[in-house]
Each structure stands twice: as structure tokens, then as C-alpha cells.
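Novice: Take a look at this one; I'll ask things after.
The values are calculated or read from the model by the stated rules, or taken from the named source; none is laboratory data. Keep in mind the model is a prediction, meaning the values are calculated, not measured. All Cβ positions, glycine included, derive from the backbone under ideal geometry; neighbour counts span all protein chains shown. Ligands, DNA and RNA are excluded from the accessible area calculation, which covers all protein heavy atoms including side chains. Shrake-Rupley method; radii C 1.70, N 1.55, O 1.52, S 1.80 Å.
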Amino acid sequence: INAEYMGQGVFAPLGAFHSEELMFLSQRFWTSWVHAPDDARISAAILGYWVSFVKTGNPNTSGLPDWPAYVGENDECQQLGKTIGTVHVPRSDRFAVFQKKLDEQLKGP
């Protein structure tokens with residue numbers, strides 16, 4: 001997932017941050033959250049994908065852009081923000097160092 005949606009007001013300097021999605025899932029926003037016109041649309045999309053995934057094991061549901069399964073060769077992910085749909089994985093060229101470390105950890109002693 002590429003969550004690029006950023007809050008306004010005191011949240012603006014944080015960019016997209018961990019746990020931000022919980023407000024959209026619960027539709028209960030912190031009292032200091034400055035609402036924007038896109039909030040309701042993004043919340044409905046996230047809820048739609050999550051509910052479909054829980055029910056069927058597949059996030060895709062009618063009325064929302066297709067969320068394709070991740071395929072490394074395509075290097076695409078789902079963006080949930082002002083734009084909802086498939087996009088190129090941002091900064092994927094920087095992942096090699098993390099992949100190397102993960103591979104080392106998985107090999108074990």
C-alpha cells in the first residue's frame with residue numbers, strides 16, 4: 001500500500017503516518033484532525049477493501065478500483081489517498097539493502 005494522504009493542521013508536518021489509517025477504518029477522527037473533502041471518500045474505500053478482504057480473502061469489490069495481487073516483476077502497489085488505484089512502488093530502488101538483510105536473517109545461523 002502506498003498511503004500518501006496527509007492530514008492538515010497540526011498533522012501536516014507528519015505526512016502520512018503509522019496509525020493514520022485507523023481513523024479512516026473507524027470513521028472516528030481525533031478531535032484535532034482537520035477534516036478535508038477527501039476524508040469520507042478515502043474512508044469508504046479503505047473500509048470497502050478491508051471488509052471485502054475479511055469476507056472473501058480478496059480486497060476487490062464493486063465500485064472500487066481493482067487491487068491486483070503484488071507481483072515483484074510489475075513493482076506496483078495500491079495507492080490509497082487522493083488517488084485510489086495501482087501505482088509504481090515508490091523508491092523501490094532503495095529496497096535492495098533491506099532485502100539483503102532479510103535474506104541473511106532468513107538463512108539463519
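Novice: Tell me the angle of helix 38-56 to the major Cα principal axis of the chain, expressed in degrees between 0 and 90 and rounded to the nearest ten.
Specialist: With rounding to tens, the tilt is 50 degrees.
Novice: Of the peptides 67-79, 40-52, how do they stack up when ordered by the mean number of other Cβ atoms within 10 Å, highest first?
Specialist: So the peptides 67-79, 40-52, ranked by packing, come out 40-52, 67-79.
Novice: While we're here: When ligands, DNA and RNA are left out and all protein chains stay put, how many square angstrom of accessible area per residue does the chain have with a 1.4 Å probe?
Specialist: On a per-residue basis, 70 Å².
Novice: What whole-number distance in Å separates the alpha-carbon centres of segment 80-105 and segment 47-71?
Specialist: 20 Å
Novice: For the chain, with all protein chains present and a 1.4 Å probe, just round the carbon and sulfur fraction of the accessible area to a whole percent.
Specialist: 59 percent
Novice: Nearest 10 degrees, 0 to 90: what angle lies between the long axis of helix 96-107 and the longest principal axis of the chain (Cα atoms)?
Specialist: In the chain, helix 96-107 runs at an angle near 60 degrees to the longest axis.
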